[in-house]
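Have a look at the structure below, then the notes.
The values are calculated or read from the model by the stated rules, or taken from the named source; none is laboratory data. The shown structure was predicted, so the numbers you read here are calculated from the model rather than taken from an experiment. Heads up, the Cβs are rebuilt from the backbone with ideal geometry, glycines too, and the neighbour counts pull from every protein chain shown. Just so you know, the surface numbers come from the protein's heavy atoms only, side chains and all, with ligands and any DNA or RNA stripped out. Shrake-Rupley method; radii C 1.70, N 1.55, O 1.52, S 1.80 Å.
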Amino acid sequence: MELGRDSDTGGQVKYVVELARALSNMKGVYRVDLLTRQITSVEVDSSYGEPIEMLACPPDGSGSCGAYIVRIPCGPRDKYIPKESLWPHIPEFLDGALSHIINMARALGEEIDGGKPMWPYVIHGHYADAGEVAAYLSGALNVPMVLTGHSLGRNKFEQLLKQGRYSREDINSTYKIMRRIEAEELGLDAAELVVTSTRQEIEEQWGLYDGFDIKMERKLRVRRRRGVSCHGRYMPRMVVIPPGMDFSYVTAKDSLEVVGDLKSLIGADRTPNKRHLPPIWAEIMRFLANPHKPMVLALSRPDPKKNVTTLLKAYAECRPLREIANLTLILGNRDDIEEMSNSSSIVLTTVLKLIDKYDLYGQVAYPKHHNQCDVPEIYRLAAKTKGVFINPALVEPFGLTLIEAAAYGLPVVATKNGGPVDIVKALNNGLLIDPHDQKAIADALLKLVADKNLWLECRKHGLKNIHRFSWPEHCRNYLSHVEHCRNRHPTTRLEIMTTLEEPMSESLRDVEDLSLKFSVDVDFKPNGELDATTKQKELIRTLTQMATSNGNSTVSYYPGRRQRLFIIAVDCYNNNGLCTGMLSSIINNVMTSAGSRSGETGFILLTGLSLLEAKEALTSQVKLEDFDALVCSSGSEMYYPWKDLVADANYEAHVEYRWPGGNVRSMVMRLARIADEAEDDIVEHISACSSRCYSYRIKPGAKVRRIDDLRQRFRMRGLRCNLVYTQAAKRLNVVPLIASRVQALRYLSVRWGIDLSKMIVFVGERGDTDYEDLLVGIHKTVILKGSVEYASEMLFRSEDSFKREDVVPQDTPNIALTEGYDTPDITTALETLGII
């Protein structure tokens, strides 16, 4: 692992790789897949372009078990992208991950479970971006989700504001902090379990989020235990599981209570006395006038939040500390500072300037390169000099380096913000400091270095207690908590259709003389008074009714020969929120554009309208039976015309998870209404409501809360819902958390066995507040210019939130913009996308 290569390759990378390996070695775990982004760029090693890489080999060397890195392509294929710029490409990663999971479920099912799909036991999102992916995957597959934040956006936001160097706008634009925070909030919405490293992370960091309140979580947990209703409210369970460490590099000599002096290995002239010494020792010691002095060691990325410059100032301005100790800064790897990322370049340039300003030459080491295998030797060198390890980060989520240092017998000085609080308490091997207090940093270092009895006591305690942070111990705790959370999660799983079936209407589409083709034992007697079309419709109806009434209720019918799906999601409303005739015209044009291959093309309608409203809106030009599915009420309901428009009960059960139902129904109007505004600004629209969608009509000219504001109010009350303004902002639909128009497509992709890349979504230039979700992913999107006059986007986000460019890629081959919405315009766009 190229740890320290840049600000995105730190301890979290090491943590997730070692966790995957350790889990795969646990009894009962068959396979662990670690999903990450595939990069085929000359800027990085070619191994990052490998689709699959084995981390841990199966014990018998056969089968598909073990641990693997699976690399999913998303965004530009030939470019390394920093995490702040990855957000628009996350949906593409999500869809690619879903495809991998489906294929793996099939393969493992064939291998070990008699052909029955083997779904993941749990989906674990690490960091904000993967947390968002895990939330949607969990919803698409009904698999429990676990979240680990590692570092948190709200906490970082507060720390950066406290420094006073950046404005809120600068922080948001540089770090995409609001986009990151919303992803973390979504992770809290969907997660069964949140794994943290410390109590402090729970109380002081996660406690900053709208979606988590520690007091409410405890109350709800007690109510569940007692079997008392929680009134639709939900809080994820937070548990502390200290991070693990790989102790394979630690030798028996490292654990000796008394450490040998460096002078026994190196003479006064720096020549080795006994044996060949590690090359990294020579690389560090060439900076130092007296390498025998105790070493203050800092090891981190050159990232501003690691606070290395404050440490350097503290050392430089404390003369007693400079007289008795050296400072060694291991700040990743570099060839040319000017070619590094802006933040890393600034940190390293500042370090060099401070060394020069305080004339620290001969006292500070700052080597340019080190390998991962050098890290144990660096710790050993610091221990030989009876030195100290320091982590002065502004906030440290885990503090793995503190555990590593303790394993090699080094006392520690660490930030009081984050994981080090619990680590130092458990190990009892050092001191905590305020990372903003320069004098406190110097005093703590001087105390440990100067007091040899205290140094030996801390070393002894650290070596005695380090076993608490082993990977087997971590994994045992982890699997125990995951098993508990699975017991509270719905057990229904999606079925993958292996035998392709067709609706009766598709099977009989091209049959002309039905009397010659079929013999049906029902009361159906065609006669010469009925024309061929009427006879065909009547037979289809009779056969379908017979199948519905006589067949097993678990049998599912669905389009079987579809090579692609055309999805119409154009939100055509007038300024009063009524659906216009434009929708029917567009539907006809889209269906016509399918041409001679219409039999291979299925059609789906995605709309914010209820089923009744959709039927009323579609003119006589459009036949409902031409659709394979109608997804209504902003993705909360699904109907099949070839099944008499009966709601899909499986889909209803699928999206029910965490739906507060009637508990939220009466609260919506109060929460959505702005203070001091009229009570009738928003009222329940009963005729459009259903068991999975509560719909509210908004009075023309009324002021109501934007989606992000309203969502915040719901989350603070423990209510997990999806909120959509539709019908030109004249209607608010409140639906289950995992119900949405785009999630409905993922559901159909799994159920019908049609890859998302075979779906083409038709939208306007604007639409409902869920419009942006329809533009991203691996499906193709056709934007019909001029098709939508009135939309709802003004009620989506506030001005200080994230921007559309943080959601939708600016340049993507998956989106085509038409000149209009007529059939030739649509055909041209489909040709551009390579569809026809």
>> Taking the Cα of Lys703, stepping 7 Å toward and past its beta carbon, and measuring to each backbone N in the range 719-751: which are under 14 Å?
In response: none
>> Out of all DSSP beta bridges in the range 685-836, what portion is antiparallel? Express it as a percent rounded to 5.
In response: 60 percent
>> How tilted is helix 532-550 with respect to the longest principal axis of the chain? Cα atoms for both, answer in degrees (0 to 90, nearest 10).
In response: 50 degrees
> Sorted by packing (mean other beta-carbon atoms within 10 Å per residue), highest first, where do 565-574, 9-18, 107-116 land?
Replying inline: 565-574, 9-18, 107-116
> With all protein chains present, how much of the accessible area of the range 352-491 (probe radius 1.4 Å) comes from carbon and sulfur, to the nearest whole percent?
Replying inline: 51 percent
> Taking a 31 Å limit on the Cα-Cα distance, which of the listed pairs Lys162/Lys384; Lys313/Lys452; Lys293/Lys357; Lys176/Lys699; Lys27/Lys176; Lys14/Lys368 fall beyond it?
Replying inline: Lys162/Lys384; Lys176/Lys699; Lys27/Lys176
>> What's the ranking of 658-668, 189-199 by average number of surrounding C-beta atoms within 10 Å, highest first?
In response: 189-199, 658-668
> Going by a ≥ b ≥ c, the root eigenvalues of the Cα gyration tensor, does the range 708-786 fall in the rounded group (a/c under 1.5), the prolate group (a/b larger than b/c) or the oblate group?
Replying inline: oblate
> In terms of modelled amide H atoms, which long-range or inter-chain residues lie less than 5 Å from the amide H of Val194?
Replying inline: Leu147, Arg237, Met238, Val239
> Which ³J(HN,Hα) values, rounded to whole Hz and listed in residue order, are derived for the range 733-740 from phi using the Karplus coefficients 6.51, -1.76 and 1.60 in 6.51 cos²θ - 1.76 cosθ + 1.60 with θ = phi - 60°, glycine and proline given as x?
Replying inline: 9, 10, 10, x, 3, 9, 9, 6
>> I need to check one value: relative contact order of the range 93-199, counting alpha carbon pairs closer than 8 Å and at least 6 residues apart, in percent.
In response: 27 percent
> Measuring from the lowest to the highest alpha carbon on each principal axis, how far does the range 587-647 reach, largest first, in angstroms?
Replying inline: 32, 20, 19
> In Å², what does the accessible area per residue of the chain work out to with a 1.4 Å probe?
Replying inline: 43 Å²
> Tell me, what ³J(HN,Hα) does each residue in the range 349-366 have, in order and in whole Hz, if you take phi through Karplus 6.51 cos²θ - 1.76 cosθ + 1.60 with θ = phi - 60° and put x for Gly and Pro?
Replying inline: 5, 5, 4, 5, 5, 5, 4, 6, 4, 8, 6, 9, 4, x, 10, 10, 9, 8
> How would Met340, Met145, Met54 line up by accessible area, probe 1.4 Å, largest first?
Replying inline: Met54, Met340, Met145
> Quick one: Cα centre-to-centre distance for the range 1-68 and the range 782-835, in angstrom?
Replying inline: 37 Å
>> Can you tell me what share of the DSSP beta bridges in the range 606-710 is antiparallel? A percent to the nearest 5 is fine.
In response: 90 percent
> Binned at 20 Å from 0, what are the whole-percent values of the Cα-Cα distance distribution for the chain, short to long?
Replying inline: 14, 42, 30, 12, 2, 0
> If you count the DSSP beta bridges with both ends in the chain, what percent of them are antiparallel, to the nearest 5?
Replying inline: 30 percent
>> Within the range 611-742, what whole-number % of the accessible surface is contributed by carbon and sulfur, with the 1.4 Å probe and all protein chains included in the calculation?
In response: 46 percent
> Rounded, prolate or oblate: which fits the range 653-788 when a ≥ b ≥ c are the square roots of the eigenvalues of the alpha-carbon gyration tensor, with rounded for a/c under 1.5 and prolate only if a/b beats b/c?
Replying inline: oblate
> Which shape class, rounded, prolate or oblate, goes with the range 348-447 when its Cα gyration tensor gives a ≥ b ≥ c as root eigenvalues, a/c under 1.5 marks rounded, and past that a/b bigger than b/c marks prolate?
Replying inline: oblate
>> Could you compute Rg(Cα) / (2.2 N^0.38 Å) for the range 740-836, with N its residue count?
In response: 1.13
> If we sort 604-617, 307-320, 350-363, 123-136 on the protection proxy, mean other Cβ atoms within 10 Å, highest first, what's the order?
Replying inline: 123-136, 604-617, 307-320, 350-363
